[in-house]
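Input: one structure, supplied below.
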Amino acid sequence: MKTNKQLGFMGIDQYGQHYIIDKYPRKELLKLLGRQHASKMYVDTVDDKIKHKGYVIAGRWIEIYRVLEWKQAV
């Protein structure tokens, strides 16, 4: 099966604000928000593991999502 091409990343904070990110989520979010420090944000999974979910920057909890190319089947 062919995998879809990754186009970049998108971040969404707890207020619904969207952040379009090209390649480096942490670095670009810090620059966008004018900050120098970010803490990692984690979430518990159903199988009792811990997964990195995003960053906490300037009081904003920003979840990171990969944006993939999508093609509709004809």
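Bear in mind these aren't lab numbers, they're just calculated from the coordinates by the rules spelled out. For clarity, every value in this text was computed on a predicted model and none was experimentally measured. Cβ: placed from backbone, ideal geometry, glycine included. Neighbour counts: every protein chain shown.
Obtain the nm distance between the two label points defined at residue 26 and residue 71 by a simple spin-label model: each point lies 7 Å from its Cα along the Cα-to-C-beta direction.
3.4
Mind listing the long-range amide H neighbours of residue 53? Cut-off is under 5 Å, sequence gap 5 or more, other chains count too, H placed in the peptide plane at 1.01 Å from N.
Sorted by chain and number, the residues that satisfy this are 41, 42, 43.
Any chance you could run the full-extension gain for residue 51 through residue 37? It's 0.36 nm times the residue separation minus the Cα-Cα distance, nm to one decimal.
My answer for the length gained is 3.0 nm.
Would you indicate which of [x] 33; [y] 47; [z] 29 is the value of percent of Cα pairs over 18 Å apart derived from the coordinates of this structure?
[y]
Need the list of lysines near residue 23 for cross-linking: C-alpha distance under 24 angstrom, and skip anything on the same chain fewer than eight residues off.
2, 5, 31, 40, 51, 53, 71
Relative contact order for the range 6-68: what is it in percent, counting Cα pairs under 8 Å that are at least 6 residues apart?
Taking the mean separation of contacting Cα pairs over the length of the range 6-68, I get 39 percent.
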